[in-house]
Amino acid sequence: MTITTALFILGCGTRAAEQPDEYARRRMNMVDNQIRARGIRDPRVLEVMRKVPRHEFVPADQAANAYDDNPLPIGLGQTISQPYIVAYMTEQLQVTPQSKVLEIGTGSGYQAAVLAELAKEVYSIEIVPDLARRSKETLATLGYSNVHVRAGDGYRGWPEQAPFDRIIVTAAPDHVPQPLVDQLAVGGRLIIPVGDYYQQILILTKTPRGVVEEKTIDVVFVPMTGEAQKKP
C-alpha cells in the first residue's frame, strides 16, 4: 500500500457509470504503456494485470483513475499501490500455480486478487479491521474463493498455516520480521520494503544453508504498524 500525501476518508458515492469494455481497454493500455514498457516481462503477470478489475478495489470516486500508474487513497489513511509496483513485486515473487502465499497488508484486496490468479492459496492479514472486512467482501463478490483474509497484526504471520512458499509484505517495517522468515519454506521467497520514509525492496530466498538477501528498487510504502514498530 504505497503512501499518499493526504488522509482520505472513504465516501459512499455512486461509482461512475462506464462500460466494462472501457475498463478493459484501460487495463490493456495500463499494461502496454505503464507495466510492460517499464520492464515487466513475465507473461503470466502481464495477463493477470490485464484481467483483474482494479476499479473494483477503489472508492467509487476514484474509479476513473483506477488505471493510472499512481497509488490511490482507499480510506482510513491507506492506499492501493500503483499498478507497476504491484506487477513488479508479483513478478519478483515468482509465484507458481502450486504456491501457498502469505500477504501482510491486505489493504484494498487488489494485490491479493492478483496473487489469487497465480497461486493455489493466498492468506492475507490486514491490521485495520474495517479494511479487512471491506477487502474480504470485495474479494468474495468477485469470486476469489482461494483468498483467506483475517484482521490482525501481520508481524508474526499466520503460524497455523505455515510454511509458505511465498510471502509478500505491502507495508514497510524498518527491519525484516523474523517470524515471517521462520514461516518461509525452504526454497521460498519473501519480498518486503524495508526502511523508514524511503525504503528498498528486499528479496529473501531461504536455502538449505540459510537466507540469501537481495536489495532491489527504492520505494515509498506506508509504514508497517503494530509490533513492527518495536525494535527487534
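The values are calculated or read from the model by the stated rules, or taken from the named source; none is laboratory data. It should be emphasised that the depicted structure is a prediction, and the values quoted were computed from it without experimental measurement. Quick reminder, even Gly has a Cβ in these numbers, built from the backbone with ideal geometry, and neighbours come from all protein chains shown.
Return the total of residues in segment 106-125 being out of contact with any Leu (no Cβ under 6 Å at 6 or more places or on another chain) and more than 16 Å from V58 (Cβ to Cβ).
Number satisfying all stated conditions: 9.
Inspect segment 192-212 for any residue being small (G, A, S) and touching a residue at least 24 places away in the same chain (Cβ under 8 Å) and give the result as yes or no.
Taking segment 192-212 and keeping what is small (G, A, S), we get 195, 210.
Those left that are additionally touching a residue at least 24 places away in the same chain (Cβ under 8 Å): none.
No, every residue in segment 192-212 fails to be small (G, A, S) and touching a residue at least 24 places away in the same chain (Cβ under 8 Å).
Could you tell me which of the residues S135, S81, S145 is without any contact (Cβ under 8 Å) to a residue 24 or more places away in the chain, under 18 Å from V52 (Cα atoms), among the hydroxyl-bearing types (S, T, Y) and out of contact with any Lys or Arg (no Cβ under 9 Å at 6 or more places or on another chain)?
S145
Results for (1) assigned to a strand (DSSP E or B); (2) of a type in the set (D, E, K, R), shown as yes or no for each residue.
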residue	(1), (2)
Y197	no, no
I203	yes, no
E213	yes, yes
I217	yes, no
E227	no, yes
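Of all residues being touching a helix residue (DSSP H, G or I) at 6+ places or on another chain (Cβ under 8 Å) and of a type in the set (V, I, T) in segment 97-140, which is farthest from L202 (Cα to Cα)? Just the residue, please. Quick ask: steps written out before the conclusion?
Here is the first cut: in segment 97-140, the ones touching a helix residue (DSSP H, G or I) at 6+ places or on another chain (Cβ under 8 Å) are 97, 99-118, 122-127, 135, 138-139.
From the residues that got through so far, the ones that are of a type in the set (V, I, T) too are 101, 104, 106, 114, 122, 125, 127, 138.
On the way: V101: 17, I104: 15, T106: 19, V114: 20, V122: 21, I125: 20, I127: 22, T138: 29 Å.
Across segment 97-140, the extreme among qualifying residues is T138.
Looking for something over 25 Å from V194 (Cβ atoms), of a type in the set (F, W, Y) and at pLDDT below 95 - is there at least one such residue anywhere in segment 64-80?
The answer is no, given that none of the residues of segment 64-80 is over 25 Å from V194 (Cβ atoms), of a type in the set (F, W, Y) and at pLDDT below 95.
Are there any pairs with C-beta distances below 9 angstrom linking a residue in segment 36-63 that is without any contact (Cβ under 8 Å) to a residue 24 or more places away in the chain to a residue that is among the hydroxyl-bearing types (S, T, Y) and exposed (fewer than 15 other Cβ atoms within 10 Å of the Cβ), with the two at least 6 apart or on different chains, and if so which?
none
Would it be correct to say that G154 is over 18 Å from the mean Cα position of the chain (by Cα) and within 19 Å of G107 (Cα to Cα)?
No; evaluated as a whole, the condition is false for this residue.
Output the number of residues of segment 118-133 satisfying the condition of being of a type in the set (D, E, K, R), under 23 Å from G77 (Cα atoms) and within 15 Å of the chain's Cα centre (by Cα).
Just the residues of segment 118-133 that are of a type in the set (D, E, K, R), to begin with: 120-121, 126, 130, 133.
Still in the list and also under 23 Å from G77 (Cα atoms): 126, 130, 133.
Retained after the next criterion (residues that are within 15 Å of the chain's Cα centre (by Cα)): 126.
Going through segment 118-133 one residue at a time, the tally reaches 1.
Being small (G, A, S), assigned to a helix (DSSP H, G or I) and in contact with a Pro (Cβ under 9 Å, 6 or more places away or on another chain) is the filter here, so list the residues in segment 123-181 that pass it.
Of segment 123-181, the ones small (G, A, S) are 124, 132, 135, 140, 143, 145, 151-152, 154, 157, 162, 171-172.
Subsequent filtering for residues that are assigned to a helix (DSSP H, G or I) retains 132, 135, 140, 154.
Result: G154, single match.
Test each condition in (1) over 12 Å from Y123 (Cβ atoms); (2) buried (at least 18 other Cβ atoms within 10 Å of the Cβ) for V186 and report the one that comes out false.
V186 satisfies all of (1) over 12 Å from Y123 (Cβ atoms); (2) buried (at least 18 other Cβ atoms within 10 Å of the Cβ) except (2).
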